[in-house]
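Just below is one structure, and these are the notes that go with it.
The values are calculated or read from the model by the stated rules, or taken from the named source; none is laboratory data. Because the structure is a prediction, the values reported are computed rather than measured. Quick reminder, even Gly has a Cβ in these numbers, built from the backbone with ideal geometry, and neighbours come from all protein chains shown. Accessible surface is based on the protein model in full, side chains and every heavy atom, while ligands, DNA and RNA are left aside. Shrake-Rupley method; radii C 1.70, N 1.55, O 1.52, S 1.80 Å.
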Amino acid sequence: MTTPANLEQQHTLATAVARYDELRMRDLLSPAADDLAAGEEPGPGPLSRQEALELLALSEVIARKAGYGRQLTVRSARAAGASWAQIGAALGSSKQAAWEAHNRWIEDQARQHERTGYEGLDPEQVGEARGLAGDPAS
């Protein structure tokens, strides 16, 4: 069965996007049988059920990987001295919303580490991340 968990292990963000684009374009460009001119050969055809499910799962993988990368970039911006107001502006949100989203991500990473023992952020990394995040006024 195609699931985001299976595909997440197989793809980087770049390869997930490339495969998604390939399937999406094929889906968009696949002509219906009655759209073909007389004698025109059909192209690769519509997506199979498996390919349609892969396309759907890939969209979730892309969202997850992009979200993770976004929060890593927020950490980089904080480490470089950016304020939450500047980060919020760069994300098109308020400083409070940016800070809250980042802190939810830190908590999610801590829970992931508690569940697996190796993924996410360990307690020391959580402390460092919280220290770097500071409060929304900073």
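General remarks:
- The sole residue among 1, 25 that is exposed (fewer than 10 other Cβ atoms within 10 Å of the Cβ) and either under 17 Å from residue 61 (Cβ atoms) or at pLDDT 80 or above (or both) is 1.
- Residues that are within 21 Å of the chain's Cα centre (by Cα) and either without any contact (Cβ under 8 Å) to a residue 40 or more places away in the chain or more than 20 Å from residue 107 (Cα to Cα) (or both), drawn from region 72-93: 72, 73, 74, 76, 77, 87, 88, 89, 90, 91, 92, 93
- Residue list for region 102-121, filter: outside any helix (DSSP H, G or I) and either over 24 Å from residue 135 (Cβ atoms) or under 16 Å from the mean Cα position of the chain (by Cα) (or both): 117, 118, 119, 120
- Unmet requirement for residue 138, which otherwise passes all of (1) touching a Ser or Thr at 6+ places or on another chain (Cβ under 7 Å); (2) assigned to a helix (DSSP H, G or I): (2)
- Residue in region 66-78 that is farther than 28 Å from residue 122 by Cβ and modelled with pLDDT of 90 or more present: no
Matching residues to (1) within 17 Å of residue 65 (Cα to Cα); (2) open to solvent by 70 Å² or more (accessible area, probe 1.4 Å); (3) of a type in the set (D, E, K, R); (4) at pLDDT 95 or above:
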{"position": "90", "(1), (2), (3), (4)": "no, yes, no, yes"}
{"position": "99", "(1), (2), (3), (4)": "no, no, no, yes"}
{"position": "106", "(1), (2), (3), (4)": "yes, no, no, yes"}
{"position": "112", "(1), (2), (3), (4)": "yes, no, no, no"}
{"position": "120", "(1), (2), (3), (4)": "yes, no, no, no"}
{"position": "124", "(1), (2), (3), (4)": "no, yes, yes, yes"}
{"position": "138", "(1), (2), (3), (4)": "no, no, no, no"}
